[in-house]
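Values quoted throughout were computed directly from the atomic coordinates according to the rules given, and no laboratory measurement underlies them. These figures come from a predicted structure and were not determined experimentally. Neighbour counts run over all protein chains shown; Cβ positions are idealised from the backbone, glycine included.
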């Protein structure tokens, strides 16, 4: 009985494989090549993220992070969001500084293969635009490379 079940499953698997192969046109590329790879945002712990609600910018000390992110676009060329940049003023020093909140527009771009997994594209640059108030040491537009 076991032998019959194994033979039946093998025949069923062979039928499915032949049916799948014959259904695809002869010159078509594999499905993986046809898919557009949407880039990810790599966080401080090397986890890929898509449309995160929060993102830590200062991995070493946590003194700058993006929160309340609302993504209007996440595409192959770029991603855009609005949110809040929470920044420590480090006055008189960072351990006792005060965190301040600044509205910000976030743009991710320059997708490239991720070194940890080259089959995955990741955004390699982030641009922060402050439409109003901003930290004293920041320009209205700040652009940073993202880690790989």
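Which residues does the label zone of residue 80 cover in segment 101-137, counting backbone N under 19 Å from a point 7 Å along Cα→Cβ? Once the point is set 7 Å along Cα→Cβ of residue 80, 103-111, 123-132 turn out to lie under 19 Å by backbone N, inside segment 101-137.
Once both labels are positioned 7 Å from their Cα atoms along Cα-to-Cβ, the gap between residue 148 and residue 94 label points is 2.5 nm. Rounded to 0.05, the FRET efficiency of the residue 139 and residue 46 pair, given R0 = 35 Å and the Cβ-Cβ distance, is 0.75. Between the alpha-carbon centres of segment 114-134 and segment 49-83 there is a gap of 8 Å. With R₀ fixed at 30 Å, the C-beta to C-beta distance from residue 117 to residue 70 puts the FRET efficiency at about 0.60.
For segment 31-145, the Kirkwood estimate of hydrodynamic radius, built from reciprocal distances between every pair of different alpha carbons, is 15.0 Å.
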